[in-house]
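Reading through the structure tokens given below for one structure.
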Amino acid sequence: MAGNDLGPDLGQVIVEFTRNGAYVKCSAIHVATGREVSAMGPVREPKAVERVAIAKLRRALEGQA
């Protein structure tokens, strides 16, 4: 899901999934700032892990302001 626009307040975000056995790591990178966060969870729930990563990215970017 590269280059997703996740709303006017967040802008473009690159989302990457890496599977490791029963777990998946979701990395979310904010294109404009290069800020990166990640979240891990069960491989059967990749959308939930993505939501956590995006929420973490939003919090990280709020801390920069």
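Quick notes on this structure:
- Candidates are the residues of the range 12-31 that are in a loop (DSSP other than H, G, I, E, B) and in contact with a strand residue (DSSP E or B) (Cβ under 7 Å, 6 or more places away or on another chain); the one that is surrounded by the most Cβ atoms within 10 Å (Cβ to Cβ) is VAL31.
- Members of the range 5-34 that are within 10 Å of the chain's Cα centre (by Cα) and not β-branched (Val, Ile, Thr): GLU16, PHE17, LYS25, CYS26, SER27, ALA28, HIS30
- Among the residues of the range 33-57, the one identified as open to solvent by 50 Å² or more (accessible area, probe 1.4 Å) and either among the polar types (S, T, N, Q) or at pLDDT below 95 (or both) is THR33.
- Of the numbered criteria (1) without any contact (Cβ under 8 Å) to a residue 24 or more places away in the chain; (2) in a helix (DSSP H, G or I); (3) within 12 Å of the chain's Cα centre (by Cα), the one SER38 fails is (2).
- Pairing residues of the range 10-23 that are farther than 13 Å from GLU36 by Cβ with residues that are open to solvent by 100 Å² or more (accessible area, probe 1.4 Å), at Cβ distances under 8 Å and at least 6 apart in sequence or on separate chains, gives GLY11/ASP5; GLN12/ASP5; TYR23/MET40.
The values are calculated or read from the model by the stated rules, or taken from the named source; none is laboratory data. Everything numeric in this text was worked out from a predicted model, so none of it was measured. Note that we place each Cβ from the backbone using ideal geometry, even for glycine, and neighbour counts take in every protein chain shown. Side chains included, ligands, DNA and RNA excluded: accessible areas come from the protein's heavy atoms. Shrake-Rupley method; radii C 1.70, N 1.55, O 1.52, S 1.80 Å.
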